[in-house]
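The values are calculated or read from the model by the stated rules, or taken from the named source; none is laboratory data. The shown structure was predicted, so the numbers you read here are calculated from the model rather than taken from an experiment. Using ideal geometry, Cβ is built from the backbone for each residue, glycine included, and neighbour counts are taken over all protein chains shown. Each accessible area value is taken on the protein alone, full model and side chains, heavy atoms only, with ligands, DNA and RNA left out. Shrake-Rupley method; radii C 1.70, N 1.55, O 1.52, S 1.80 Å.
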Protein chains: 2
Amino acid sequence: MKGERLIYLPLGGAGEVGMNLYVYGHGRPGRERLIVVDLGVAFPDMDGSPGVELIMADIAWLVERADRIEAIFITHAHEDHLGALAHLWPQLKAPVHLRRFTAHLAGQKLAEAGIGDGALHVMGPWPETVTAGPFTVGFLPISHSIPESAGLVIDTPVGRVLHSGDFKLDPDPGVGEAFDPDLWGAVAAGGVQALVCDSTNALVDRPGRSEAEIGPALEALIAGAGGLVGATTFASNVARLRTLALAAERAGRRVVLLGRAMRRMVEAALETGILDRFPPVLQPEEAAEHPRERLFLLATGSQGERRAAAAALSRGRYLGLELKEGDTFLFSSKTIPGNERDVLRIWNALSEKGVEVIDDRGGLYHVSGHANRPDLEAIHDLMRPKILLPMHGEHRHLREHAGMVAGKGIAAAIAANGTMVDVTGDTPKIAGHVETGRVYLDGALLVGALDGVVRDRIRLALNGLVMVTAIMDEDDRPLGDAWVELMGLPETGKTGRPLADRIEADLTEYLDRADERVLTDDDKLEEALRRIARQVAMEEIGKKPEVVVVVSRLMAD
Amino acid sequence: MKGERLIYLPLGGAGEVGMNLYVYGHGRPGRERLIVVDLGVAFPDMDGSPGVELIMADIAWLVERADRIEAIFITHAHEDHLGALAHLWPQLKAPVHLRRFTAHLAGQKLAEAGIGDGALHVMGPWPETVTAGPFTVGFLPISHSIPESAGLVIDTPVGRVLHSGDFKLDPDPGVGEAFDPDLWGAVAAGGVQALVCDSTNALVDRPGRSEAEIGPALEALIAGAGGLVGATTFASNVARLRTLALAAERAGRRVVLLGRAMRRMVEAALETGILDRFPPVLQPEEAAEHPRERLFLLATGSQGERRAAAAALSRGRYLGLELKEGDTFLFSSKTIPGNERDVLRIWNALSEKGVEVIDDRGGLYHVSGHANRPDLEAIHDLMRPKILLPMHGEHRHLREHAGMVAGKGIAAAIAANGTMVDVTGDTPKIAGHVETGRVYLDGALLVGALDGVVRDRIRLALNGLVMVTAIMDEDDRPLGDAWVELMGLPETGKTGRPLADRIEADLTEYLDRADERVLTDDDKLEEALRRIARQVAMEEIGKKPEVVVVVSRLMAD
């Protein structure tokens, strides 16, 4: 209809790998009816978000428009697409559409948060569709590193939009649906207004490989190994769990699942019928009765997570199992940038035990779940969209992906988080910018990334802390000496005297001679004491710490 | 002589890439005369050492035996071999032998620390030697990613030891000496008792490549680029600076050096005569007068260091220069594990500006300074040592390196930091373990890594802080309410009340009814208040913070 438009608005995922959250809208500007695609998380790190549990997109814009949200769609069950559901859904409260395996895991998440699963609506694969306001949406199966991944076919008054979800082009993925070029081609046959497309691997030049290709190498590795063999991969990569477990079985080894997520995923895949056959697993406590060279441990923690099974095995005995000289441990995984140190810590700890550690440096034991550059080109050519909107990737990935269609008659736009794009016409138009950002789950609360809470913790980590206490009597004169406590600072400075004593002495001296205008003014007094504490610390230890000053004033009765 | 032995003892570098510090000794057990090879640093990170300036090996063992140290040798000027000199030398005070370029930079470091360069003794290349107690030592030139790198020929009463230093086998390194197999072969001709050998790249399967190989690709890249072209690499890689600058010059561009280390290294190389020719550089302030497409910026910060020039350029204007759409920026470097996030931050920020960023993913624009696996094999075959001691590497590198000589008639031992190896005989014997570890330069002080100072800062970063102040009157009764300050915690909890108020209320209530045995005992009282503060925080924000309690007691006059 005249005056209406189709908009695309990433709130998360377009500027990072992780934290996916995309919005589509159709209607008159400012009155569009909306659907939300994915509610994902990103993971914290010490550099930028110490002590934080999870990171998610700031959905303030959506919450203000909650009455315009027709539905939420979750493309697949990876944490960076599903992980924020239980945390953000209570603010959105729209029906959630997803496939069965995804719904299984989503239901667990909601239950853990004390939320019922009444909002979850399981959908079958395309051509099944659901209507959500101006949109009709179906789940188009696609191969990825988790079962039942799907792209979304989003039919709009303006035409068909294809939201790829995360995907790879695997003709033989082991578990779940293979990529079906005929099916995707048929969906595109009537024309695609916009392809909104995964960019994660846009910088990888070689073509993607199939899960089926690594089975023989894994089997050869496991069959050739002497002692106990362990391996780690993403627990949600059910196809890989199967590939590894079958390789182990063929090599005459019993499979032991280590880590809650590992057991949970296999159970989910069996319960939902995704996984046709998985070797019967041995409980860790039964493993002791089996010869070591007949065991295969499948452990969580491929990213070096310190509380996962792989890290526990690297530290020592875990559930009665211990790796030692002559054993083999395989990382059937890629290390996500930023996790290198944690992964190498495990590798080195295992190396100290004499364990042979194998990673994927030869490309033999892992394949990526994302479409590489040639695969993206194949999808562009197959879908022939009017408009390409690269999504899910850091800015460098989005940029590289957009550059790929130059000269192909496809109009591309780089739209980072918060960029609203009008995709009504033949070319994408920037329609505005929405205030966006990140929210931290910190303990049990959601706090804004810019609220200063985490920034203060980073300062404490970098600078250490001096706490100053001073008591002022009823006449606003110091009562006794100032008192100093340190945290995260050396006890003794250059002069060899305790740092706290040195600061206390200077503070007390100052208090004794400070004039009344300062002594009666909390702000001035605190500022003066802070300045002195920092100055003494700088002299003594060459560092300017954070300083908190507490001035207590006794009141005349 | 009978009863004497030759020992090797790594105190740093054998268990990490960085922080090199090796000890050799000869004499009766416990009375060996010692030499020290390299005094290097490692770099801190937020995960393990927030707020720390530098990390170095704990040299307590050496300091206790300082009277037995004959000399210190520095193989080359990289920070992980030289960086601790100014910090640790005052505790060792032995003569320091090094080559001219290394001495130039060492002198600057000592001068900055207010230490004269009287201990520095410049040595020429092999066959020049110096005698240090039972050792006669010479600097054997070798190619590496910094000028005048050298292995050490260490002649001992037991035979010849070859300490490789960091090295690669480059027949055409551009700057400094090429690897000379005839020279190394001649040194080995009389037999090598032990080869102590760089392991950094033991996990890299392909043969190393020469610096000369990347010149043409760099020139093609720069010549083909449109706007302003910038590049970053390690400032100390003088050969690369030259390769890049010559490529830029041939492409008709003037070179601008950005970053203090970049200018300092070029100056040092010119002053010491290492660098025969370097294109005349343009000062940043002169650059504005030149067309952008005639400029080439050579910037510090290849590892993403936030205060270096590359990061500054990614944030915006730097010294009047600004990168924008159509410009190109090259990382002519490898990202050291752990620095990925910082490097990608720059890449993405430049991508947002529309800058084309090129890294070394194609292997075109960077070659490593370390010997890869085939190169290490070539050195083993050339030197034919009795004993191989892999050094400089994480445990996984040492292990891989040691495994390479299995079946070759060379005895290898994996000796991590603190492992004393007796290399007197035909096979290495573990002679003991020395307490070792890491020391942090924190501000201006050296603090032990296990002193708890940094651990407390990490706790503050993860958990946030509650500061509790309570004042007790002369009768040991609470005077007024407890006072709470927060740092790094949300202000408001689940109940919507200010968290500080909630904690204060519970603390005050407790104080009002606490019995005298607690109120009169500082430890008990602090523990009780801490427990309550943590419990309220857990209820309100789902987090258990660090709690510092200050109880002030008014004294009866």
Handout entry: Whole-Å semi-axes of the range A:134-205's equivalent ellipsoid (Cα gyration tensor)
Key = 22, 14, 11
Completion exercise
For B:VAL256, other-chain or 5+-apart residues with amide H closer than 5 Å (H placed, Pro excluded) are B:LEU282, B:PHE296, B:LEU297, B:LEU298
Exercise for the section: Compare the Cα positions of A:VAL238, A:LEU275, A:LEU298 along the charge dipole of the range A:170-304 (+1 at Cβ of Lys, Arg; -1 at Cβ of Asp, Glu; about the Cα centre) and return the one farthest towards the positive end. Expected result: A:LEU298
Exercise for the section: Let me know the Rg and Dmax you get for the protein assembly as shown when you use only its Cα atoms, in Å. Expected result: 32.0, 101
Handout entry: Surrounding net charge for A:GLY320, when Lys and Arg each add one and Asp and Glu each subtract one, Cβ distance under 10 Å
Key = -2
Exercise for the section: Could you work out, residue by residue across A:193-203, how many beta carbons of other chains sit within 10 Å of that residue's beta carbon, and then give the average as an integer? Expected result: 0
Problem - Anchor B:LYS408: lysines whose Cα lies under 30 Å away (excluding residues fewer than 8 positions away in-chain) - result: A:LYS324, A:LYS353, B:LYS2, B:LYS168, B:LYS386, B:LYS429
Handout entry: All Cα pairs of the range B:249-296, percent lying beyond 12 Å
Key = 64 percent
Completion exercise
Ignoring ligands and nucleic acids, chains A and B bury, in total, an accessible area (1.4 Å probe) to the nearest 100 Å² of about 5800 Å²
Exercise for the section: Calculate the dipole size of chain A relative to its Cα centre from +1 charges on Lys and Arg beta carbons and -1 charges on Asp and Glu beta carbons; express the result in debye to the nearest 20. Expected result: 1720 debye
Exercise for the section: Can you tell me the dipole magnitude for the protein assembly as shown around its Cα centre, using point charges on the Cβ only (Lys, Arg +1; Asp, Glu -1), in Debye to the nearest 20? Expected result: 3240 debye
Completion exercise
For chain A, whose charge dipole is built from +1 on Lys and Arg Cβ atoms and -1 on Asp and Glu Cβ atoms, the candidate among A:ALA349, A:HIS144, A:LEU120 with its Cα farthest towards the positive end is A:HIS144
Problem - Heavy-atom accessible surface of the range A:483-557: percent carbon and sulfur, 1.4 Å - result: 45 percent
Fill in the blank from the handout: Interchain or sequence-distant (5+) residues whose placed amide H lies within less than 5 Å of the amide H of A:ALA71 are A:VAL36
Practice task
Select from B:ALA106, B:PRO29, B:ILE74 the residue farthest towards the positive end of the dipole of the range B:23-174; place +1 on Cβ of Lys and Arg, -1 on Cβ of Asp and Glu, and compute about the Cα centre.
Solution key: B:PRO29
Exercise for the section: Determine which aspartates and glutamates satisfy two conditions relative to B:LYS544: a Cα distance under 18 Å, and not lying fewer than 8 residues away in the same chain. Expected result: A:GLU53, A:ASP442, A:ASP456, B:ASP456, B:GLU485, B:GLU491, B:ASP501, B:GLU504, B:ASP506, B:GLU526, B:GLU527
Practice task
Determine the dipole magnitude for the range B:138-250: charges of +1 sit on the beta-carbon of Lys and Arg, -1 on that of Asp and Glu, nothing else is charged, the reference point is the Cα centre, and the result goes in debye to the nearest 20.
Solution key: 200 debye
Exercise for the section: Compute the Rg to Rh ratio over chain B from the alpha carbon atoms, using the Kirkwood formula for Rh, and round to two decimal places. Expected result: 1.08
Exercise for the section: Would you kindly work out, in nm and rounded to one decimal, the distances from the label point of A:ALA111 to those of the same position in each other copy, ordered shortest first, with label points 7 Å along Cα-to-Cβ? Expected result: 7.2
Practice task
With the Cα gyration tensor of the range A:148-260 in hand, convert its eigenvalues to equivalent ellipsoid semi-axes via √(5λ) and list them largest first in whole Å.
Solution key: 37, 14, 12
Practice task
For A:HIS144, list long-range residues whose amide hydrogen, built 1.01 Å from N in the peptide plane, is under 5 Å from its own amide hydrogen.
Solution key: A:SER149, A:LYS168
Handout entry: Packing rank of B:294-302, B:244-252, where each peptide gets the mean count of other beta carbons within 10 Å, highest leading
Key = B:294-302, B:244-252
Fill in the blank from the handout: Volume per residue (Å³) of the convex hull spanned by the alpha carbons of the range B:343-391 is 99 Å³
Exercise for the section: Determine which lysines satisfy two conditions relative to B:LYS543: a Cα distance under 22 Å, and not lying fewer than 8 residues away in the same chain. Expected result: A:LYS109, B:LYS494
Completion exercise
Over chain B, with neighbouring protein chains present, the accessible area per residue in Å² at probe 1.4 Å is 38 Å²
Handout entry: Taking the C-alpha atoms of the range B:75-225, convex hull volume expressed per residue in Å³
Key = 149 Å³
Handout entry: Rg in Å to one decimal, and Dmax rounded to a whole Å, for the range A:470-513 via C-alpha atoms
Key = 12.1, 38
Fill in the blank from the handout: The value for the range A:231-352 (convex hull of the alpha-carbon atoms, volume per residue, Å³) is 97 Å³
Handout entry: Whole-percent carbon and sulfur share, accessible surface of the range A:149-207, 1.4 Å
Key = 53 percent
Exercise for the section: Heavy atoms only, probe 1.4 Å: what % of the accessible area of the range B:311-390 goes to carbon and sulfur, would you let me know? Expected result: 48 percent
Fill in the blank from the handout: Residues hit by the 20 Å² burial cutoff in the range B:33-65, accessible area with a 1.4 Å probe, assembly against chain on its own, are B:ASP45, B:MET46, B:ASP47, B:GLY51
Completion exercise
Note on the range B:322-442: C-alpha Rg/Rh, Kirkwood Rh, two decimals, gives 1.16
Practice task
Determine the shielding of peptide A:433-445 by partner chains: average, over its residues, the number of Cβ atoms on other chains within 10 angstrom of each Cβ.
Solution key: 3
Completion exercise
Per-residue accessible area, 1.4 Å probe, largest first, puts B:TYR365, B:TYR24 in the order B:TYR365, B:TYR24
Handout entry: Other copies of B:ARG31: label-to-label distances in nm, shortest first, labels 7 Å along the beta-carbon direction
Key = 10.0
Completion exercise
A correct Karplus calculation of ³J(HN,Hα) over the range B:111-126, with 6.51 cos²θ - 1.76 cosθ + 1.60, θ = phi - 60°, whole Hz and x for Gly and Pro, returns 4, 4, 8, x, 10, x, 9, x, 7, 7, 10, 6, 10, x, x, 3
Exercise for the section: Rounded to whole Hz and in sequence order, give me ³J(HN,Hα) for the range B:10-24 from the Karplus expression 6.51 cos²θ - 1.76 cosθ + 1.60, θ = phi - 60°, writing x for Gly and Pro. Expected result: x, 10, x, x, 9, x, 7, 8, x, 6, 5, 6, 10, 10, 10
Exercise for the section: Determine by what factor the alpha-carbon radius of gyration of the range B:1-143 differs from 2.2 N^0.38 Å, reporting the quotient. Expected result: 1.05
Handout entry: Neighbouring partner chain Cβ atoms per residue of A:472-482, average, 10 Å criterion
Key = 1
Fill in the blank from the handout: 1/(1 + (r/R0)^6) with r = Cβ-Cβ of B:ARG455 and B:ARG206, R0 = 56 Å, i.e. FRET efficiency to nearest 0.05, evaluates to 0.85
Practice task
Excluding A:SER149 itself, calculate the net charge of residues whose Cβ lies under 12 Å from the Cβ of A:SER149, where each Lys or Arg counts +1 and each Asp or Glu counts -1.
Solution key: -4
Completion exercise
Counting only DSSP beta bridges with both partners in the protein assembly as shown, the antiparallel fraction in percent, to the nearest 5, comes to 50 percent
Completion exercise
at B:PRO280 the sorted inter-copy label distances (label 7 Å from Cα on Cβ side), in nanometres, are 8.5
Exercise for the section: Starting at the first residue of the range A:252-266, write each ³J(HN,Hα) from the Karplus equation 6.51 cos²θ - 1.76 cosθ + 1.60 with θ = phi - 60°, in whole Hz, x for Gly and Pro. Expected result: x, 10, 8, 8, 10, 8, 10, x, 4, 5, 5, 5, 5, 5, 5
Practice task
Would you give the gap between the C-alpha center of the range A:140-157 and the C-alpha center of the range A:381-409, rounded to a whole Å?
Solution key: 18 Å
